[in-house]
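Following: one structure in structure tokens, then a few remarks.
The values are calculated or read from the model by the stated rules, or taken from the named source; none is laboratory data. Worth saying up front: this structure is predicted, and the values here are computed from it rather than measured. Neighbour counts run over all protein chains shown; Cβ positions are idealised from the backbone, glycine included. Note: areas computed on protein heavy atoms with side chains; ligands, DNA, RNA excluded. Shrake-Rupley method; radii C 1.70, N 1.55, O 1.52, S 1.80 Å.
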Amino acid sequence: MTKIILVLSLFLFTQVSFASTISDDDLLQKIVKDFENSITTIDRTKYFNLFYDGTVSWIGVPSTDNFEKQKSKAETAKKQGKKYWKPMKTYPGDHVHFFDVIVSGMKDHEMRFENIKIQQDGDVASINLNYSQLVKSVKTNWGTKSLLLVKTESGWKINSVIFSINSADE
């Protein structure tokens with residue numbers, strides 16, 4: 001009888017400990033949700049806790065259509081002798097500037113992530129998704145976003161963000 005109780009206890013304990021283990025895919029899904037929510041709610045602490053402590057790569061790439069429209073506007077302004085901003089095909093930046101300058105100044109906005117695809121091996125991960133930025137419930141920017149993550153001693157951290165930019169106002 002003692003052996004049966006011991007075996008059942010071990011079996012039950014093993015099942016409970018496996019059930020409470022969160023998979024890397026679940027942790028990565030949570031990072032995506034926290035990333036989305038921290039931008040929408042302008043939660044600086046949550047946002048910065050998602051990122052690697054060292055250098056983080058951050059590059060935005062306007063769609064070809066948006067880029068051509070920006071170039072055309074700049075050329076027209078230049079011909080008219082007006083001030084103009086020369087568009088770039090890629091926008092290097094960083095997560096600090098994005099949050100402190102862009103996100104912190106937003107009002108009545110929402111970030112949405114969809115079609116999330118995770119690939120990971122337990123040490124490094126890539127997450128690809130579609131994003132939409134809404135202001136006053138109107139979609140203003142959208143595109144594809146790719147995140148590269150590394151698993152550190154303190155968990156998964158975003159090390160690179162690359163995204164395309166489609167803009168409604170171009």
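Which count do you get for residues in the range 116-138 that are among the polar types (S, T, N, Q), farther than 14 Å from F163 by Cα and either under 13 Å from the mean Cα position of the chain (by Cα) or assigned to a loop (DSSP other than H, G, I, E, B) (or both)?
To start, the set of residues in the range 116-138 that are among the polar types (S, T, N, Q) comprises 119-120, 126, 128, 130, 132-133, 137.
Imposing the further condition that a residue be farther than 14 Å from F163 by Cα reduces the set to 119-120, 137.
Restricting the remaining residues to those that are either under 13 Å from the mean Cα position of the chain (by Cα) or assigned to a loop (DSSP other than H, G, I, E, B) (or both) gives 137.
Number of matching residues: 1.
Take the range 25-44 and flag every residue that is polar (S, T, N, Q) and over 18 Å from N141 (Cα atoms).
If the condition is that a residue be polar (S, T, N, Q) and over 18 Å from N141 (Cα atoms), then Q29 is the only one that fits.
Being out of contact with any Phe, Trp or Tyr (no Cβ under 7 Å at 6 or more places or on another chain), modelled with pLDDT under 95 and either in a strand (DSSP E or B) or basic (K, R) (or both) is a description that applies to N141. Of the residues making up the range 93-115, those that are within 17 Å of I165 (Cα to Cα) and either acidic (D, E) or at pLDDT below 90 (or both) are D94, I102, E110, E114. The helices (runs of 4 or more DSSP H) located wholly in the range 1-63 that include 3 or more residues which are at pLDDT 60 or above, open to solvent by less than 90 Å² (accessible area, probe 1.4 Å) and out of contact with any Cys (no Cβ under 7 Å at 6 or more places or on another chain) occupy 24-40, 44-48. Among the residues of the range 64-77, the one identified as open to solvent by less than 20 Å² (accessible area, probe 1.4 Å) and under 25 Å from the mean Cα position of the chain (by Cα) is N66. Look through the range 139-170, keep the residues that are more than 15 Å from F51 (Cα to Cα) and of a type in the set (G, A, S), and return whichever of them is farthest from the chain's Cα centre (by Cα). Checked the range 139-170; the qualifying residue farthest from the chain's Cα centre (by Cα) is A168. Scan the range 78-97 for residues that are in a helix (DSSP H, G or I), of a type outside the set (K, R) and either open to solvent by 70 Å² or more (accessible area, probe 1.4 Å) or touching an Asp or Glu at 6+ places or on another chain (Cβ under 7 Å) (or both) and jot them down. Of everything in the range 78-97, just one residue is in a helix (DSSP H, G or I), of a type outside the set (K, R) and either open to solvent by 70 Å² or more (accessible area, probe 1.4 Å) or touching an Asp or Glu at 6+ places or on another chain (Cβ under 7 Å) (or both), namely H97.
Residue pairs whose Cβ atoms lie under 7 Å apart, sitting 6 or more positions apart in sequence or on different chains, and linking a residue in the range 32-57 that is in contact (Cβ under 8 Å) with a residue 24 or more places away in the chain and at positive phi to a partner that is outside any strand (DSSP E or B) and surrounded by 17 or more Cβ atoms within 10 Å (Cβ to Cβ), are I42/V103. Summed over the range 133-161, the residues that are surrounded by fewer than 16 Cβ atoms within 10 Å (Cβ to Cβ) and either closer than 22 Å to P87 by Cα or of a type in the set (D, E, K, R) (or both) give a count of 5.
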